[in-house]
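The values are calculated or read from the model by the stated rules, or taken from the named source; none is laboratory data. None of the values given here were measured: they were computed from a predicted structure. Cβ atoms come from the backbone with ideal geometry, glycine included; neighbour counts cover every protein chain shown. When the accessible area is computed, the model is the full protein with side chains, heavy atoms only, and any ligands, DNA or RNA have been set aside. Shrake-Rupley method; radii C 1.70, N 1.55, O 1.52, S 1.80 Å.
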Number of protein chains: 2
Amino acid sequence: MASQVLVAANRGPLSYALAADGTLSARRGGGGLVSGLSAALAEQPDALWICAALSDADREAVRRGVSEPGVRMLPIDPEIYDGAYNGIANSVLWFLHHHLYEIPREPVFDAEFRRRWASYVTYNEAFAAALAEEAAEGAAVLIQDYHLALAPGMLRELRPDLRIGHFTHTPWASREFLLMLPEDIRSQLVWGMLGADRLGFHTGEWADNFITGAHLDDATGIAEPFWPRDGQSGVWHRKAPAGNGGKYGEKRFASVTPYPLGVDGDELRALAHRPEVDDKLAALRAEVGDLKTIVRVDRTELSKNILRGLLAYRELLITHPEWRERVVHLASAYPSRQDLTVYREYTESVRELAASINEEFGTDGWQPVLVSVEDDFARSLAAYRLADVALVNPVRDGMNLVAKEIPVVSEAGCVLVLSTGAGAYEELGADALTVNPYDVTATADALHAALSMPAAERADRTKRLAVAATALPPAQWLTSQLDALRAPAPPS
Amino acid sequence: MASQVLVAANRGPLSYALAADGTLSARRGGGGLVSGLSAALAEQPDALWICAALSDADREAVRRGVSEPGVRMLPIDPEIYDGAYNGIANSVLWFLHHHLYEIPREPVFDAEFRRRWASYVTYNEAFAAALAEEAAEGAAVLIQDYHLALAPGMLRELRPDLRIGHFTHTPWASREFLLMLPEDIRSQLVWGMLGADRLGFHTGEWADNFITGAHLDDATGIAEPFWPRDGQSGVWHRKAPAGNGGKYGEKRFASVTPYPLGVDGDELRALAHRPEVDDKLAALRAEVGDLKTIVRVDRTELSKNILRGLLAYRELLITHPEWRERVVHLASAYPSRQDLTVYREYTESVRELAASINEEFGTDGWQPVLVSVEDDFARSLAAYRLADVALVNPVRDGMNLVAKEIPVVSEAGCVLVLSTGAGAYEELGADALTVNPYDVTATADALHAALSMPAAERADRTKRLAVAATALPPAQWLTSQLDALRAPAPPS
């Protein structure tokens with residue numbers, strides 16, 4: 001019953017619902033990554049996906065011994081889960097990797113932080129223990145994301161025989177930000193990650209940030225950056241005496257490699273041409289008439305830079321008044337993490353700024369910005385098909401799949417205005433109009449250039465962008481990591 | 001009448017006051033740097049200090065042709081001055097060099113920023129023109145600080161014969177932050193600085209940041225980091241064709257060197273023992289009785305980290321309740337830049353947090369925190385003499401002279417709890433208790449260790465700190481830069 005391939009992630013491929021009569025039913029999750037991974041895993045015999053039970057229904061399923069083949073849910077204590085997931089992963093590591101802190105006030109590493117960190121350790125231990133229990137001798141384990149940064153090291157201690165991979169879906173903090181962490185915490189984070197044989201990131205920049213930031217020489221051991229040689233970058237490391245009964249640990253190598261996740265073109269095109277999407281597209285067309293469209297689709301996430309996007313649109317309407325009444329900005333910005341004050345305030349600022357632009361420039365027949373706050377993927381796909389210009393201007397973003405989805409489903413060709421801070425910039429930069437995300441004037445200029453671009457050039461660029469966006473779809477993304485993990489280790 | 005030595009700085013050594021009867025009188029400024037520089041300059045024949053007219057009275061003095069020997073005030077247009085000083089120097093460059101931005105919202109480089117930048121250019125041009133006019137052939141020019149980052153390059157164009165030095169009193173932004181600037185602005189900033197023969201910073205870290213951040217290879221030219229060789233670090237650079245009528249400019253070298261400004265021990269001790277200070281000390285002693293004192297003295301500046309300092313004190317009172325009613329925190333935090341919302345809010349947060357600590361822990365006979373909001377140097381000196389522990393925990397600070405002043409005037413020996421983010425850390429770290437400024441728990445632990453330190457060790461450390469703090473007093477700081485500037489250039 002032991003598995004040869006295991007995936008560990010906070011969120012699993014399915015969740016349970018508890019009906020009024022007490023019966024449980026399983027629902028498969030949608031969305032590109034989960035469905036792509038599920039498909040790829042289905043081809044692996046005895047593959048197992050380990051995830052956290054996220055809801056009361058999930059925990060009830062675990063309690064009753066209900067499960068689906070290929071999935072194991074961990075019934076993490078809700079208080080531990082809250083400390084790990086909200087308290088550390090999303091309030092510390094997310095902010096750190098995305099450089100979102102208001103530094104004069106945050107972060108604050110105090111006694112409360114230490115309590116939450118203890119929960120994060122416990123949460124990671126639960127995953128490491130389950131992986132150790134379920135993995136066959138020499139099995140390959142793919143651990144996902146910043147929620148599980150300590151699990152690789154913990155698993156290495158329990159099961160030195162395993163081939164351990166880890167993939168980070170966010171950016172990796174620059175060394176400047178990583179050094180904000182208390183030294184012992186930073187050390188745990190780096191050593192946790194270095195437990196893996198192979199570390200994956202979306203881009204070369206995030207990979208390089210990890211290698212630079214992993215440079216350690218302290219009581220816990222030595223870790224040294226190793227820059228490209230024979231196509232292999234990574235970190236050489238050996239743990240210090242305390243960790244190994246008086247002797248230096250074995251010298252080990254953790255490779256660090258970009259695997260830029262792409263989209264599945266066929267699947268996405270099929271999704272984008274369902275009747276539901278056709279209907280939404282018809283409704284959008286009726287709404288915008290013959291106006292040009294600038295489309296953005298994001299959660300109202302601090303890193304997405306929606307405010308500066310609106311400011312750029314505003315500056316466009318001032319410096320190029322010829323676009324007034326000829327363009328409309330469709331901004332889909334659905335609320336996210338409204339439990340945090342800073343997100344609530346950000347969402348409110350977006351709403352206010354959009355309203356003030358409409359107030360300032362709107363006319364009887366023309367509303368410059370249409371904000372949609374619904375999380376409606378069908379409507380988003382319709383907007384992708386319609387868009388003349390896509391605005392993807394995050395300050396910092398692990399990859400940003402919207403930038404990859406739009407060119408794939410665009411109908412008439414869509415100009416991509418893309419931030420240098422998006423992970424997708426490394427692959428799409430050549431055919432996008434790229435902007436410094438802090439430079440509102442440059443973004444306004446890029447919007448003007450995008451709106452003015454001849455149709456033929458738009459179509460050509462879109463075609464090339466679609467090719468780049470589909471280069472590594474989820475299933476191949478997974479199998480290429482798996483193949484690399486199973487390949488013989490390079491000589492030390 | 002041409003000068004052999006010139007200093008250029010936003011603020012001059014004196015200011016004018018306009019009496020009700022219309023008469024103007026000049027007042028010399030106080031404070032360590034200005035008086036130290038004035039003294040050192042007084043020894044140089046024909047030295048000239050060029051500064052901006054800051055007030056209406058200053059501008060009136062210029063209008064009437066009133067001046068003091070050795071000082072020339074530039075009557076910058078008030079609107080230009082506001083754009084340059086408030087709009088760029090203090091709202092952009094200060095935030096950038098200190099890493100103070102709330103990145104999801106700031107910086108915003110829009111059309112208004114461009115207008116302010118134009119003022120900053122004009123302001124720098126006014127200084128460059130005045131320097132070019134006043135300098136003798138081959139004279140040495142010392143340009144001060146981030147207000148005048150473009151002036152070296154402008155002056156180099158006007159007067160290639162001059163020896164040009166520039167000193168930055170703030171930190172220098174890490175490359176991560178420097179890259180936020182629009183590319184053309186960053187290029188102007190870097191080329192402006194590279195107009196100098198010698199660039200000075202307070203620490204090796206800021207100097208290294210400059211060298212790393214100056215790495216350019218674009219339309220404006222090539223600049224390459226040059227790391228220590230023969231004790232010389234800096235940047236090799238040559239300007240691109242556009243700047244030089246079709247040919248590459250001459251290859252030039254700008255050396256980049258730390259000159260860590262210290263305090264004048266004799267002067268400071270004399271100041272600290274004036275009767276006025278003795279009186280303040282007696283009053284403070286009466287106020288605190290036999291309580292131990294933790295002293296901090298800052299402007300309420302975002303970079304000074306006053307909030308986390310208070311949080312650390314709060315955590316100390318929780319984790320070490322034995323200090324309750326045995327210690328008092330004298331926090332001198334006088335308001336600064338209250339024209340900016342973010343500073344007003346920060347000042348209010350400091351006040352609220354101090355009040356809530358007093359509310360939570362105070363007893364009938366004991367108030368845990370005494371906040372003073374007056375900018376009273378005599379009282380600060382009295383607090384320095386009295387202090388058992390000094391808390392200097394900035395997130396990022398060019399030097400921080402408070403950390404250097406306290407050990408010099410301390411009476412019984414004062415333990416310095418010092419942030420790794422302070423420039424003074426490079427010289428004082430060995431004898432201070434050093435803390436990561438974001439780590440409130442570690443800061444609380446350091447406060448406990450400081451309060452618990454045996455008197456003999458406190459006194460020994462203080463003695464060594466005072467020696468380090470006075471190693472390079474202002475006059476020597478100036479003359480050593482002047483000597484280096486006048487020395488023959490190293491061979492290319």
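Observations, loosely collected:
- Considering residues of region A:441-457 that are closer than 18 Å to A:ARG308 by Cβ and of a type in the set (S, T, N, Q) only, the residue farthest from the other protein chains (Cβ to nearest Cβ): A:THR443
- Counting only helices (runs of 4 or more DSSP H) wholly contained in region B:39-119, the ones carrying 2 or more residues that are within 14 Å of chain A (Cβ to nearest Cβ) occupy B:94-98.
- Hey, A:ALA382 over 20 Å from the mean Cα position of the chain (by Cα) and touching a residue at least 60 places away in the same chain (Cβ under 8 Å) or not: yes
- If only residues of region B:120-131 that are surrounded by 21 or more Cβ atoms within 10 Å (Cβ to Cβ) and either of a type in the set (Ser, Thr, Tyr) or part of a strand (DSSP E or B) (or both) are counted, the one that is farthest from the other protein chains (Cβ to nearest Cβ) is B:TYR123.
- Looking across region B:455-469 at every residue that is small (Gly, Ala, Ser) and open to solvent by less than 40 Å² (accessible area, probe 1.4 Å), the one that is nearest to the chain's Cα centre (by Cα) is identified as B:ALA469.
- Of the residues making up region B:43-55, just one is closer than 27 Å to B:TYR120 by Cα and open to solvent by 50 Å² or more (accessible area, probe 1.4 Å), namely B:LEU54.
- Within region A:147-162, the set of residues being surrounded by fewer than 21 Cβ atoms within 10 Å (Cβ to Cβ) and either under 24 Å from the mean Cα position of the chain (by Cα) or aliphatic (A, V, I, L, M) (or both) comprises A:LEU158 only.
- Yes/no for A:VAL295 being out of contact with any strand residue (DSSP E or B) (no Cβ under 7 Å at 6 or more places or on another chain) and surrounded by 21 or more Cβ atoms within 10 Å (Cβ to Cβ): no
- Taking region B:287-303 as the range and being under 13 Å from B:VAL392 (Cβ atoms), hydrophobic (A, V, I, L, M, F, W, C) and touching a Leu at 6+ places or on another chain (Cβ under 7 Å) as the test, the residues that pass are B:ILE294, B:VAL295.
- Residues located in region B:65-81, provided they are open to solvent by 40 Å² or more (accessible area, probe 1.4 Å), touching a strand residue (DSSP E or B) at 6+ places or on another chain (Cβ under 8 Å) and modelled with pLDDT under 95: B:VAL66, B:SER67, B:GLU68
- Verdict on B:TYR438 being open to solvent by 30 Å² or more (accessible area, probe 1.4 Å), within 14 Å of chain A (Cβ to nearest Cβ) and either farther than 22 Å from B:PRO321 by Cβ or in contact with a strand residue (DSSP E or B) (Cβ under 9 Å, 6 or more places away or on another chain) (or both): no
- Residue count, region A:298-309 (criterion: open to solvent by 10 Å² or more (accessible area, probe 1.4 Å), at pLDDT 95 or above and basic (Lys, Arg)): 1
- Listed here are the helices (runs of 4 or more DSSP H) enclosed by region A:182-280 that have at least 3 residues being touching a residue at least 60 places away in the same chain (Cβ under 8 Å) and crowded, with 18+ Cβ neighbours inside 10 Å: A:183-194, A:265-272.
- Subset of region A:161-191 [under 13 Å from A:GLY213 (Cβ atoms), out of contact with any Ser or Thr (no Cβ under 7 Å at 6 or more places or on another chain) and aromatic (Phe, Trp, Tyr)]: A:TRP172, A:PHE177
- Condition check for B:VAL369 on (1) touching a residue at least 60 places away in the same chain (Cβ under 8 Å); (2) surrounded by 20 or more Cβ atoms within 10 Å (Cβ to Cβ); (3) over 23 Å from the mean Cα position of the chain (by Cα): one failure, at (1).
- Pairs meeting the criteria (first residue in region A:169-180 and more than 8 Å from chain B (Cβ to nearest Cβ), second residue among the hydroxyl-bearing types (Ser, Thr, Tyr) and open to solvent by 10 Å² or more (accessible area, probe 1.4 Å), beta carbons under 6 Å, at least 6 apart or on different chains) are A:THR170/A:TYR146; A:ARG175/A:THR212.
- If only residues of region B:181-193 that are out of contact with any Phe, Trp or Tyr (no Cβ under 9 Å at 6 or more places or on another chain) and under 20 Å from B:ALA9 (Cβ atoms) are counted, the one that is farthest from the other protein chains (Cβ to nearest Cβ) is B:GLY192.
- Top-ranked residue of region B:1-42 - restricted to ones that are within 22 Å of B:GLU133 (Cα to Cα) and open to solvent by 40 Å² or more (accessible area, probe 1.4 Å), ranked as modelled with the lowest pLDDT: B:MET1
- Region A:299-309: number of residues that are away from chain B (no Cβ under 11 Å) and either in contact with a helix residue (DSSP H, G or I) (Cβ under 6 Å, 6 or more places away or on another chain) or assigned to a helix (DSSP H, G or I) (or both): 1
- Subset of region A:315-365 (residues that are assigned to a strand (DSSP E or B) and surrounded by 13 or more Cβ atoms within 10 Å (Cβ to Cβ)): A:VAL327, A:VAL328, A:HIS329, A:LEU330, A:ALA331, A:SER332, A:ALA333, A:TYR334
- For region A:310-342, residues that are within 10 Å of another protein chain (Cβ to nearest Cβ) and at pLDDT below 95 total 1.
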